[in-house]
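Okay, structure first, notes after.
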Amino acid sequence: MRGTQVARLREAPAGLADALDMVAGFDDALTNGFGRVGERDAAALAAFASALTGTPLADLVASAVDAVTAGSVTPEHLAALAGARSALLGAAHDALLGQLDATLSRDRSPWTAPNTGPAQAPPALAGARAWWHEVAVTGWRGVDHELLSAAATVVEAALAVPELRRPAVLLDGLAAELRACIPVATMTRVPARRWADLWARGVLLTQGMPAANEPPRVSGRLLPLGVDVHAHDTAVQVQLHAILEPAGGGPARLVRTAVIAAKVDTIVGPAMWRLLSTHPLLLTALAERRALTVTDLPLHGGDLGWVDDRVQLDEPADPFATARVLLSRASAAAIAPLDRHPTAIAEPVLIEGHPVRDQAGALTIELDGEPVALAVDRLPTAGPLTAELVAASSACLGLLRWDGGRWLMQPLAVRATVKRRPVQAHNGDWACGVTDPKIAKDEARAGDVVAVLRERAGRLLRR
C-alpha cells in the first residue's frame, strides 16, 4: 500500500454523509422509543423515508413511518424499517468498499443470490420477534429489568434450536450490555448507532430462515494472514483472515473462517483461548504459524465453515511472506447483503518499511507523507501484540477499516526490533499458551479460571 493510494481514500463517496445523517435521525427516534413519537423524531423518520424514494422499499417504508408516527406499530412495520436502515448502510458500505477495491486494485467477485426455498419460522423466533418489538416501542431509555428478564427466556428457547444460535447469541449479548447500563435514562451518551445496528440485525434475523441449497465446497491450502479476536462478556470469536490456494489450481482467494465459544465476563485475556480447545488444529496453526490443508469445507461467499475433521496441519508459513507474494493478486468475495455495513469492512493489507509516528498518543503509519491511523485500541489482550510493539514496528500486517468517518488500520501482526533483535508478534501467538515468561507467571499465579468454572459447573450438574 502506498501514500498515493491513501490520498485517494481521503475523499468520501458522494452521498455518504447524507445517508449517515438519515440513519442517525432514525437511531435517535429509536432511542426515545416508537411508542410515543415527538415532533422532532417524526421529522427524522419522515426524512428517513424520503431517503428511500425511488427504491423498491419506498412505499413499504413510508407506510411504516406513517404507522409509527400515528402510534400504531406492528412487527411488519418494524421489519420494513429495519430492512430500510440496513439498506441505507449497505449502500454506504458498497460505496466505501468499491472505493477501497479500486484503490488497492483488488478484484472482487459479483454477488450471486443463493437459491432459497420458503422461509421457515421455528416457534422460538416468535418470542425473539416479540422482544425486539417491545424494545423498539419502549426505546433504549425505557429499558428496565423487567424487559431484560424476559430476554433470558427468549434466549434459552432459541439456543435449544441449533439453527437459531446466531440470533440467540446476538440477543443475549445485547441484553447483557443493556443490563450493565441500567438505568439507561441516566446515561449522558447512549451508544445509539451500535444498539440500533444490533436491533436491526436482530429484527431481520427473526423474519424466518430461508431453506438454502447446499453451499459449494472447496479444498486446498489455507495460508493464515492474521487473526482478529472479538470478545464480549458472553462470547468470544476468533476470526482468521487467510488466503486459500484451491486444490487443482485456480486464482488465490481471500477468505475468512471463525470459531466461537460462550463465556462469562470473568474469562478475559489469554484464558479465552482455553474456551476454544475443541479446535486444536486451528490453535496450533495460529501459535506455530503453519499452513493448513482443508478438504471439502463449505464456502459461503468469502466465509469458510470450519469443520475440524476436514483440516490437517501443513508446513510452516510466514504470514508476512504470504501477504507479500499473494495478497496483491488474491481475489475477494462479494459481501452478503445482511453483512453490508461500513464498520464491517475489514480488508487485509500489508505495509512495510514505513515509519510509525506518535502524535499526542495517537499512532499513525506514514506512507509517503500520508498518515494512516493505527487502531491500537482494537488490540486483544489475548495476544502479545501491544501498542509499544506497534510503535516500534517496521512492517505491519492488518485490516483496513472505516470507522468514525475515516480509514484506519487494525494491526494483526508486526515485525519490530526490540533490544537490537528482530521480533514478530501476532495476535494468535498465545493460542496454545502464553509464551511471554512474565505474563505466563502472572497467569499461573491467577490460576486457571476456565478449569475452575468448568469444575464448579460439573459439580452443579452432578447434584
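Residues of the stretch 309-363 that are assigned to a helix (DSSP H, G or I) and in contact with a strand residue (DSSP E or B) (Cβ under 7 Å, 6 or more places away or on another chain): ARG310, PRO319, PHE320, THR322, ALA323, ARG324, LEU326, LEU327, PRO342, THR343.
Scanning the stretch 139-177 for residues that are free of Cβ contacts under 8 Å to residues at least 24 places away in the same chain and farther than 16 Å from THR206 by Cα returns GLU146, LEU147, SER149, ALA150, ALA152.
Can you give me the number of residues within the stretch 193-228 that are out of contact with any strand residue (DSSP E or B) (no Cβ under 6 Å at 6 or more places or on another chain) and either in a strand (DSSP E or B) or of a type in the set (Ser, Thr, Tyr) (or both)?
So in the stretch 193-228, the residues out of contact with any strand residue (DSSP E or B) (no Cβ under 6 Å at 6 or more places or on another chain) come out as 193-207, 213-214.
After this cut, where a residue has to be either in a strand (DSSP E or B) or of a type in the set (Ser, Thr, Tyr) (or both) as well, the list is 206.
Counting residues in the stretch 193-228 that are out of contact with any strand residue (DSSP E or B) (no Cβ under 6 Å at 6 or more places or on another chain) and either in a strand (DSSP E or B) or of a type in the set (Ser, Thr, Tyr) (or both) gives 1.
For PRO319, are the conditions met, namely being touching a Gly at 6+ places or on another chain (Cβ under 7 Å) and under 23 Å from ARG415 (Cα atoms)? Give the derivation first.
Details: touching a Gly at 6+ places or on another chain (Cβ under 7 Å): yes; under 23 Å from ARG415 (Cα atoms): yes.
Spelling it out, PRO319 is indeed touching a Gly at 6+ places or on another chain (Cβ under 7 Å) and under 23 Å from ARG415 (Cα atoms).
Go through ALA425, ALA387, ALA413, ALA375 for me and flag whichever is touching a His at 6+ places or on another chain (Cβ under 6 Å) and closer than 26 Å to VAL236 by Cα. That would be ALA413, the only listed residue that is touching a His at 6+ places or on another chain (Cβ under 6 Å) and closer than 26 Å to VAL236 by Cα. In the stretch 271-321, which residue that is over 24 Å from the mean Cα position of the chain (by Cα) and free of Cβ contacts under 8 Å to residues at least 24 places away in the same chain is farthest from ALA231 (Cα to Cα)? Checking each candidate, the answer is ALA321.
Counting only residues that are of a type in the set (D, E, K, R) and either modelled with pLDDT under 95 or surrounded by 22 or more Cβ atoms within 10 Å (Cβ to Cβ) (or both), how many does the stretch 202-252 have? Total satisfying the criteria: 3. Please tell me if ARG340 is closer than 30 Å to ALA80 by Cβ and not aliphatic (A, V, I, L, M). Spelling it out, ARG340 is indeed closer than 30 Å to ALA80 by Cβ and not aliphatic (A, V, I, L, M). Inside the stretch 327-349, residues that are out of contact with any helix residue (DSSP H, G or I) (no Cβ under 9 Å at 6 or more places or on another chain), over 14 Å from ARG201 (Cα atoms) and surrounded by fewer than 18 Cβ atoms within 10 Å (Cβ to Cβ) make up a count of 4.
Hand me the list of helices (runs of 4 or more DSSP H) wholly inside the stretch 1-120 holding 2 or more residues that are loosely packed, with under 15 Cβ neighbours inside 10 Å, touching a strand residue (DSSP E or B) at 6+ places or on another chain (Cβ under 9 Å) and at pLDDT 90 or above.
Working: elements: 3-8, 16-32, 39-50, 58-69, 75-104.
Qualifying helices (runs of 4 or more DSSP H): 75-104.
Scanning the stretch 265-283 for residues that are over 16 Å from THR381 (Cα atoms) and either surrounded by 21 or more Cβ atoms within 10 Å (Cβ to Cβ) or not assigned by TED's automatic domain parsing to the domain that holds VAL229 (or both) returns LEU282, LEU283.
The values are calculated or read from the model by the stated rules, or taken from the named source; none is laboratory data. Note that the coordinates shown come from a computational prediction; the quantities given were computed from them, not determined experimentally. Virtual Cβ from ideal backbone geometry, glycine too; neighbours counted across all protein chains shown.
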